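Data first, discussion second: the structure below is written as structure tokens.
The values are calculated or read from the model by the stated rules, or taken from the named source; none is laboratory data. Nothing here was measured: the structure is a model prediction, and the numbers come from that model. Note that each Cβ is placed from the backbone with ideal geometry, even for glycine, and that neighbours are counted across all protein chains shown. We work out accessible area using only protein heavy atoms, side chains counted, and drop any ligands, DNA or RNA first. Shrake-Rupley method; radii C 1.70, N 1.55, O 1.52, S 1.80 Å.
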Amino acid sequence: MRAGYRAKWRAPKVFAAVVAAVVVTPSMTPTARADGGFTGIDGGQYAAAWRAAVDGAQPYPDISADLAVPITMDDGTVLKADIIRPARGNQVAQEKTPVILQMQGYGKVAMNLAQVLLHIPGIESVLLPWLASLNFPGSGLDGITDFTRQLDSGALQAAIQDFDLAKAGYTLVQVDLRGTGTSQGQWQVFGERERQDTAEVIDWINRQPWASGKVGTMGTSFTAITALQAADRNPPGLDAVFAYEGSADIINDIVGVGGGVGLGFLAFWLVAVNLAKMAPDVESVIAGKFDPAQQLQWLRDRLADPATMLDVVANAYTAQSVGQLTPRTREILDPDSGFRKGLKTNVANIKTPTFMVGAWFDIFGTTPTGTFNGIPLPETQKKLIMGDGYHSGTGVGGFGRPGMPPRLDVLQRAWFDKWLKGIDNGIDEYSPLTLKQQGGGWATGGTAFPRPEATYRRMYLNDTPSGTTQTSLYDGGLAADPRQGSVRDLTVAPGLASVCSRDTARILAGIPAIVVACTEDSRIWESNGLTFTSAAATEPTTISGPIAVHLNTVLDAIDGYWVATVNDVAPDGQSREIATGQLVTSLRQINEAASEKSANGDYTKPAYYLELERRQTVSPGEPVTMDIALTPVDAVLQPGHRLRVDVYASNFPKGAPPMPILADSQLKPQHLRLDPDAPSWVNIALNSDIPS
């Protein structure tokens, strides 16, 4: 809750204009200091000042809006921007101010709607805190209240480029990306041209009389990706990034994880953006800036490309063979294509102070820890918060309360105040890694991921029944030493039980998480899978880092699809998924240069070429080994809990291999071969052994 709600909304003309445009357009105990001299999770001695900067009186009581401002790119394409400036009454601030930029893909009018709703009297100060206070553990409503308890965490304000930042002395600029919203051109879907446009917009900003020469980028999801991509070009004048639920590697987060396309989210997302880009520019009419020539070009551009990338999705799931894939579809499986390159941010190029917020089961939850490690900046200039949540809520409920991290809007404001205004507020000394440990509480994570106290070791799959489940296809064991006595094939077939799983909640942005029977317990999904469970832990055991599962497999067809998860099994049998991975058999070839291994020589983070020209089908009946990369994890296995590896042959809708691969697999049953001479194992980092 924001104490005393900072400043009354007193910009009726701005409010009316925005409304008109929208309506017309359809724990742990904190420590004062942590590793390396950084603060604990609560911000220590600095936290009170950070919060006061947001909740106290602001230098400007009002804002002034300049809507539908045209910005012309070097190729003549006109992008449209909304500019929100600090004001006192009807007088716009005369001082030069730093600028916070958001390159918007969903249409800036939609963001204006969010601002209008948030600033309705009583919403932010009364309704959201009340909803956040609701908590009914064990009632079956846990999944709903897990979302609502985040409503006073500052996440909404941090996500939408809160107008109150203007009252704090920032100019806010929101620009529709090329080919989206009200901007001309054709949507580039993270292409090189989008990066160039962002650099040109930053250059344009810094040539305006109201700009101080300091620019920060921010965004959520789609727009967080554009914020990170702006930073890898290092345009002059870019001085800070705040990215909420972004990705620096979209292929390995969602588009083609192990060759399985994240169809459950991508199809919906493409349709949503393509529909939103068709909304007419009513803001230009309201602002008296309607230009018939510009609008005619906008219409031509929309008609020229009304359904960007949907043809690729259709081709990927209607082509019966690789030969029927179109050149545009093949670009997804070509690492050298411009499209594929555009889906990755070169984090090694980032020189701008960057603050990121993500979640272990966010659709983009695979890569943030690697992005943090890869940014070549000191820990004072890069931060990462990882919650145990999803895309629709990162699991930041309770932020801002005693013993917890500060609210996200407070951290965002402190970050911009430091790097754009030069205020020495101590945010650079905040914990570099603030992590919600699955099975535990919030904790600092040191200065690099994974935790140094966790070391990698093998745990072997075997056919000795663990006696911990009666619902899986097969109940096997998991031990630190190889125990398989003879060759045995265990069979698993594709199925739809995965619809009730945490994987499904992940790909559908967390919406299914309201059904806790699916997301908090894998036993329904395990009815279509093989399970391998360890003995019980006798002490709290830390799990930290990426995980790799090595499987010895046999197929009845020339291709297949494997899924592995690592679960935390409670004494009552509840099996909670904490990491997940998937791999198409024919796309298993590993890029050694991009992969990571532990000291024992086993993969911790195998990276795949995912290249059509390197596809390797198999001979039915012949054993083939697979190294499956699982998502990174920071977790605590409590005493009495067990570690489990689940193995499946499908995980729809999280992963759906393209139709030519499904056709080659014939959706036939698949076999996991337990062989003492060619064992299967999980390579996992623990701080102590789990007893055998």
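Structure above, values below:
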{"quantity": "Residue ID - most open to solvent (accessible area, probe 1.4 Å), chosen from residues in region 188-234 that are within 20 Å of MET356 (Cα to Cα) and in a strand (DSSP E or B)", "calculated": "LYS214"}
{"quantity": "Given (1) of a type in the set (Phe, Trp, Tyr); (2) modelled with pLDDT under 95; (3) open to solvent by less than 10 Å² (accessible area, probe 1.4 Å), number of the condition TRP50 does not satisfy", "calculated": "(2)"}
{"quantity": "Residue check, ILE363 assigned to a loop (DSSP other than H, G, I, E, B) and of a type in the set (A, V, I, L, M, F, W, C)", "calculated": "yes"}
{"quantity": "Selected residue [β-branched (Val, Ile, Thr), within 30 Å of TYR648 (Cα to Cα) and open to solvent by 50 Å² or more (accessible area, probe 1.4 Å)] from THR464, THR468, THR447", "calculated": "THR464"}
{"quantity": "Scan of region 648-667 for residues that are in a loop (DSSP other than H, G, I, E, B) and in contact with a strand residue (DSSP E or B) (Cβ under 7 Å, 6 or more places away or on another chain), ordered by number", "calculated": "ALA649, SER650, PRO657, PRO658"}
{"quantity": "Residue list for region 471-489, filter: under 20 Å from THR542 (Cα atoms) and surrounded by fewer than 14 Cβ atoms within 10 Å (Cβ to Cβ)", "calculated": "ASP481"}
{"quantity": "Residue count for region 71-109, restricted to those that are open to solvent by 30 Å² or more (accessible area, probe 1.4 Å) and out of contact with any helix residue (DSSP H, G or I) (no Cβ under 7 Å at 6 or more places or on another chain)", "calculated": "11"}
{"quantity": "In region 417-444, the residues that are open to solvent by less than 20 Å² (accessible area, probe 1.4 Å) and farther than 27 Å from ALA52 by Cα", "calculated": "GLN438"}
{"quantity": "Flag if ARG644 is among the charged types (D, E, K, R), part of a strand (DSSP E or B), modelled with pLDDT of 95 or more and surrounded by 20 or more Cβ atoms within 10 Å (Cβ to Cβ)", "calculated": "yes"}
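Residue-wise test of (1) open to solvent by 50 Å² or more (accessible area, probe 1.4 Å); (2) out of contact with any strand residue (DSSP E or B) (no Cβ under 6 Å at 6 or more places or on another chain).
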position: THR491; (1), (2): yes, no
position: LEU496; (1), (2): yes, yes
position: GLY510; (1), (2): no, no
position: PRO540; (1), (2): yes, no
position: ASN552; (1), (2): no, no
position: TRP562; (1), (2): no, no
position: GLN589; (1), (2): yes, yes
